[in-house]
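These notes concern the structure reproduced below.
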Amino acid sequence: MQDILKVALEAAREAGQFLKESVGRVRNVETKKGEVRNLVSEIDRGAEETIIRIIKSSFPGHAILAEESGASDTSDEYRWIIDPLDGTTNFLHGLPIFCTTIGVERRGEIVAGVTFDPNLNELFTAEKGSGAYLNGRRIRVSITAELINSLLVTGFPYNIAENPDHAADHFTNLLFEARGVRRLGSAALDLSYVAAGRFDGFWEVSLNPWDMAAGVLFVREAGGMISDFTGAPTTIYRKQILATNGLIHSAVTSVLLRPSQS
Ligand code: IPD
Ligand code: CA
Ligand code: CA
């Protein structure tokens, strides 16, 4: 596993550095899936190519699921789940809140993860059973026990206008119950920050496995809790995620389960 983490780290660092150097140098921006807000550029693709090249040079047989190039058909016991640039909208606006994130599954279970923020030079890492780390120092979730004392973070899907899963209502309801709610624009950083105790909780709908793979492992390894909005176990392949320090979990689910107005 050490080797896997080492390669993930090298790939995330190289891609992250490339992202940082590419701010303001984007030539071609396109929309994805017919959604006007869902953007991609040659930088997302370039970062992904770098990551895959580095992984393949050490582990040519491993399977890959990457946001821009999709799934490889190799059925190895290991699968690398990659978001080369999480926070694309921020990146395109020159807002320095974005990262590269890589999770590694073994037989369907996430066993390693790396998220690199090149702007703050923050590297989050975890291996299953060995804790979560930020720049080599162990991190733990917060000890905030009351929702009213909690700082939460969320995100909105690109098709927010269609209000999937009553995303706008959940936001309003939690805004009235928590100390504050932030929206950073990078789900992978949101999860990393819950693991580091900077946020007490995070929820979002309609995410993809590559947004969550590494972050879910960080939160678990930092002592936090992951579920769907009812509090039931979930996976990175499902469309709802709630990640908290564990202590405020049921207080958040009771707000998320309130009947919606819209
Ligand atoms: C997006 C970010 C954002 C979240 C969106 C994601 P992208 O990923 O994680 O925070 O709200 O739902 O799609 O497109 O920047 O890789
Ligand atoms: Ca993403
Ligand atoms: Ca992305």
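Data for the structure
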| quantity | calculated |
| --- | --- |
| Qualifying positions in region 151-169 - open to solvent by 20 Å² or more (accessible area, probe 1.4 Å) and in a helix (DSSP H, G or I) | ILE160, ALA161, GLU162, PRO164, ASP165, HIS166, ALA168, ASP169 |
| Pair list, Cβ < 9 Å and 6+ apart or interchain, from region 230-248 residues that are of a type in the set (Lys, Arg) to residues that are open to solvent by less than 40 Å² (accessible area, probe 1.4 Å) | ARG238/ASP228; LYS239/PRO164; LYS239/VAL205; LYS239/LEU207; LYS239/ASP228 |
| Matching residues, region 108-126, being at pLDDT 95 or above and open to solvent by 30 Å² or more (accessible area, probe 1.4 Å) | GLU109, ASN119, LEU120, ASN121 |
| Set VAL252, VAL216: member being within 16 Å of ligand 2 (Cβ to nearest atom), in contact (Cβ under 8 Å) with a residue 40 or more places away in the chain and either among the acidic types (Asp, Glu) or out of contact with any Pro (no Cβ under 7 Å at 6 or more places or on another chain) (or both) | VAL216 |
| Subset of region 66-89 [under 25 Å from SER22 (Cα atoms), away from ligand 2 (no atom under 11 Å from the Cβ) and open to solvent by 20 Å² or more (accessible area, probe 1.4 Å)] | SER69, GLY70 |
| Residue ID - nearest to VAL114 (Cα to Cα), chosen from residues in region 187-207 that are hydroxyl-bearing (Ser, Thr, Tyr) and open to solvent by 10 Å² or more (accessible area, probe 1.4 Å) | TYR193 |
| Selection count, region 43-60, where residues are within 13 Å of ligand 3 (Cβ to nearest atom) and open to solvent by less than 70 Å² (accessible area, probe 1.4 Å) | 6 |
| Pair list, Cβ under 8 Å, 6 or more apart: region 1-27 residue closer than 19 Å to ILE43 by Cα, other residue surrounded by 17 or more Cβ atoms within 10 Å (Cβ to Cβ) and modelled with pLDDT under 95 | VAL26/SER41; ARG27/SER41 |
| Enumerated strands (runs of 3 or more DSSP E) restricted to region 106-150, each holding at least 1 residues that are within 22 Å of THR234 (Cα to Cα) | 109-117, 122-127, 132-134 |
| Those residues of region 170-186 which are open to solvent by 30 Å² or more (accessible area, probe 1.4 Å) and either away from ligand 1 (no atom under 13 Å from the Cβ) or of a type outside the set (Phe, Trp, Tyr) (or both), in sequence order | THR172, ASN173, LEU175, PHE176, GLU177, ARG179, ARG182, ARG183, LEU184 |
| Cross-chain or 6+ apart pairs with Cβ under 7 Å, region 79-97 first and assigned by TED's automatic domain parsing to the domain that holds ARG13, then more than 10 Å from ligand 2 (Cβ to nearest atom) and of a type in the set (Phe, Trp, Tyr) | LEU85/PHE91 |
| Residues that are touching an Asp or Glu at 6+ places or on another chain (Cβ under 9 Å), within 22 Å of LEU207 (Cα to Cα) and among the charged types (D, E, K, R), drawn from region 141-182 | ARG182 |
| Lone unmet requirement of (1) within 16 Å of ligand 1 (Cβ to nearest atom); (2) under 20 Å from the mean Cα position of the chain (by Cα) for ARG140 | (1) |
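The values are calculated or read from the model by the stated rules, or taken from the named source; none is laboratory data. Treat the numbers as computed from the prediction; the structure is a model and nothing was measured. Please note: Cβ atoms are built from the backbone with ideal geometry, for glycine as well, and neighbour counts cover all protein chains shown. We work out accessible area using only protein heavy atoms, side chains counted, and drop any ligands, DNA or RNA first. Shrake-Rupley method; radii C 1.70, N 1.55, O 1.52, S 1.80 Å.
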